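The values are calculated or read from the model by the stated rules, or taken from the named source; none is laboratory data. Note that the coordinates shown come from a computational prediction; the quantities given were computed from them, not determined experimentally. We place every Cβ from the backbone using ideal geometry, glycine too, and count neighbours over all the protein chains shown. Accessible surface is based on the protein model in full, side chains and every heavy atom, while ligands, DNA and RNA are left aside. Shrake-Rupley method; radii C 1.70, N 1.55, O 1.52, S 1.80 Å.
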Amino acid sequence: MARVKRGVTARRRHKSVLARAKGFRLSHKLLFKPANEAVLHALAYAYRDRRRRKRELRALWIARINAASRQSGLPYNKLMYGLRQAGVEIDRKVLADLAVRDSGSFARLVEVAKNSLQ
């Protein structure tokens, strides 16, 4: 079997890891071993937090909708139930945006929900 010299392969791998570690602190950007560990952790955190961000945004939308609907005299759960009963299909992202930017439209939706509850 022929002898394989690994210098080119290893250098290419090291260079790619160190390129990904650009902007890290101290030896995490300079030395391969700490840089490799830092890059692996960073990739794992990025994967995890792409999913976590969705949860956090949904919680934020619900908090905004709840705050705005309570000002109109209806808690969040009653608002959502009333909208569902009225056949209004609007997602929480758009509803939260309406609550923040267009209070008139949101107030009309609250009235629709109140009417469908009675």
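Assorted remarks:
- Checked against (1) at pLDDT 95 or above; (2) open to solvent by 80 Å² or more (accessible area, probe 1.4 Å), residue 5 meets all criteria but (1).
- Boolean, residue 58 is under 30 Å from residue 115 (Cβ atoms), at pLDDT 95 or above and either assigned to a helix (DSSP H, G or I) or open to solvent by 70 Å² or more (accessible area, probe 1.4 Å) (or both): yes
- The stretch 76-104, residues that are surrounded by 12 or more Cβ atoms within 10 Å (Cβ to Cβ) and among the polar types (S, T, N, Q): 85, 103
- Selection within the stretch 84-108 - under 16 Å from residue 61 (Cα atoms) and of a type in the set (A, V, I, L, M): 90, 94, 95, 96, 98, 99, 100
- Residue check: residue 22 meets all listed conditions (1) surrounded by 10 or more Cβ atoms within 10 Å (Cβ to Cβ); (2) in a loop (DSSP other than H, G, I, E, B); (3) of a type outside the set (Asp, Glu) but one, namely (1).
- Test: residue in the stretch 63-75 that is at pLDDT 95 or above, assigned to a helix (DSSP H, G or I) and exposed (fewer than 11 other Cβ atoms within 10 Å of the Cβ): no
- Residue check, residue 19 within 30 Å of residue 97 (Cβ to Cβ), of a type in the set (Gly, Ala, Ser) and modelled with pLDDT of 95 or more: no
Condition check ((1) under 30 Å from residue 21 (Cβ atoms); (2) in contact (Cβ under 8 Å) with a residue 24 or more places away in the chain; (3) under 25 Å from the mean Cα position of the chain (by Cα)) across all residues:
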residue	(1), (2), (3)
48	yes, no, yes
53	yes, no, yes
60	no, yes, yes
63	no, no, yes
66	no, no, yes
72	no, yes, no
92	no, yes, yes
104	no, no, no
109	no, yes, no
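- Residue check for residue 35: open to solvent by less than 80 Å² (accessible area, probe 1.4 Å) and out of contact with any Cys (no Cβ under 9 Å at 6 or more places or on another chain): yes
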